[in-house]
Amino acid sequence: MKKQVFRFKEFEVNHSKSAMKIGTDSVLLGAWTSIGHSVNSILDVGAGTGILALQLAQRSPAETIDSVEIDPDAFEECVTNFENSPWGDRLFCYHASFTEFYSEMDETYDLIVSNPPYFSEQPKFDIQNTAREKARFQEHLSFEDLLLGVSILLSPDGAFSVVLPFSEQEKFISVANDYQLYPSDILEVRGQPTSPIKRTLLKFKRNKTESISRKELIIELSRHDYTQDYKELVKDFYLKM
């Protein structure tokens, strides 16, 4: 298998075997997620290559940065990426389902992040389905399971950040409400000014805020002509920003 490596400014990510390759969604979430000075423990649910945890390690001095990943190939790759990074002593990946993890873990986390599987309806798999496509379905981690686990593991003043398709935003907020998790910040993302909103980044807390901070980000003005807002958000990571 040919080695596929994505190089960022302060680390690199091997994503040769992981079903989910490096993409804009995770990089946006890792750059946008707010990290307060009191954040000392971080959890990435569904780590994949470990990109989110690596970004947060670059941005934060948090002593504990854990990840959980069920897929054996992705887990192996994540561990390697952690070991090869400048922050290997603070990064750890558990090979388990999130259900197993939150059922057995006694500790809580100040910040939880996730780029979860996307689609709630069971796909009609055939021989053409790739590992990447299967990784995007909720067969192994439904919104309910994800949010139940977050409600168990999140510290009282902690925050949970997630990236989703815009079409799933209202459903996810509704399910989160069932677990007493409430949105405080929303970033809606368009590819170009005339494009429909494609992604949403959401931050949840245990306490309701009087007003939700809702903003919009446009990635490009035209093909490869990136907006200043986008460049400012990801400049600490991409080599050519």
- Hey, among F82, F6, F11, F75, which residue is of a type in the set (F, W, Y) and within 24 Å of K198 (Cβ to Cβ)? F6
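Might you let me know whether the range 224-236 holds any residue that is open to solvent by 40 Å² or more (accessible area, probe 1.4 Å), touching a Ser or Thr at 6+ places or on another chain (Cβ under 9 Å) and in contact (Cβ under 8 Å) with a residue 24 or more places away in the chain? It would help to see each step written out before you state the result.
Initial filter on the range 224-236 (open to solvent by 40 Å² or more (accessible area, probe 1.4 Å)): 224-226, 228-229, 231-233, 235-236.
Narrowing further to those that are touching a Ser or Thr at 6+ places or on another chain (Cβ under 9 Å): none.
No, that holds for no residue.
Collect the residues in the range 194-205 that are surrounded by 11 or more Cβ atoms within 10 Å (Cβ to Cβ) and either out of contact with any Asp or Glu (no Cβ under 7 Å at 6 or more places or on another chain) or not charged (D, E, K, R) (or both), keeping them in residue-number order. Before the answer, list the steps.
Going through the range 194-205, the residues surrounded by 11 or more Cβ atoms within 10 Å (Cβ to Cβ) turn out to be 195, 197-205.
S195, I197, K198, T200, L201, L202, F204, K205, listed by residue number.
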- Query: Taking only pairs six or more apart or across chains, which ones have beta-carbon atoms under 7 Å, a first residue in the range 173-198 that is at positive phi, and a second residue that is buried (at least 17 other Cβ atoms within 10 Å of the Cβ) and of a type in the set (G, A, S)?
  - Reply: Q180/S151
- So is K208 in a strand (DSSP E or B), charged (D, E, K, R), open to solvent by 60 Å² or more (accessible area, probe 1.4 Å) and in contact (Cβ under 8 Å) with a residue 12 or more places away in the chain or not? no
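Is it the case that some residue within the range 184-193 is farther than 25 Å from F11 by Cα, of a type in the set (K, R) and at pLDDT below 95?
Going through the range 184-193, the residues farther than 25 Å from F11 by Cα turn out to be 184-193.
Those still in the list that are of a type in the set (K, R) too: 190.
Those left that are additionally at pLDDT below 95: none.
Checking the range 184-193: not a single residue is farther than 25 Å from F11 by Cα, of a type in the set (K, R) and at pLDDT below 95.
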- Note on the structure: Of the residues in the range 105-125 that are farther than 24 Å from S26 by Cβ and either open to solvent by less than 90 Å² (accessible area, probe 1.4 Å) or in contact with an Asp or Glu (Cβ under 8 Å, 6 or more places away or on another chain) (or both), the one that is modelled with the lowest pLDDT is F125
- Message: Within the range 68-100, take every residue that is under 17 Å from the mean Cα position of the chain (by Cα) and among the aromatic types (F, W, Y) and give me the one that is nearest to F160 (Cα to Cα).
- Response: F98
- Message: Conditions first: (1) more than 15 Å from the chain's Cα centre (by Cα); (2) assigned to a strand (DSSP E or B). L164 passes all but one, so which condition is the exception?
- Response: (1)
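The values are calculated or read from the model by the stated rules, or taken from the named source; none is laboratory data. Note that the structure is predicted; figures quoted are calculated from it, not measured. All Cβ positions, glycine included, derive from the backbone under ideal geometry; neighbour counts span all protein chains shown. Just so you know, the surface numbers come from the protein's heavy atoms only, side chains and all, with ligands and any DNA or RNA stripped out. Shrake-Rupley method; radii C 1.70, N 1.55, O 1.52, S 1.80 Å.
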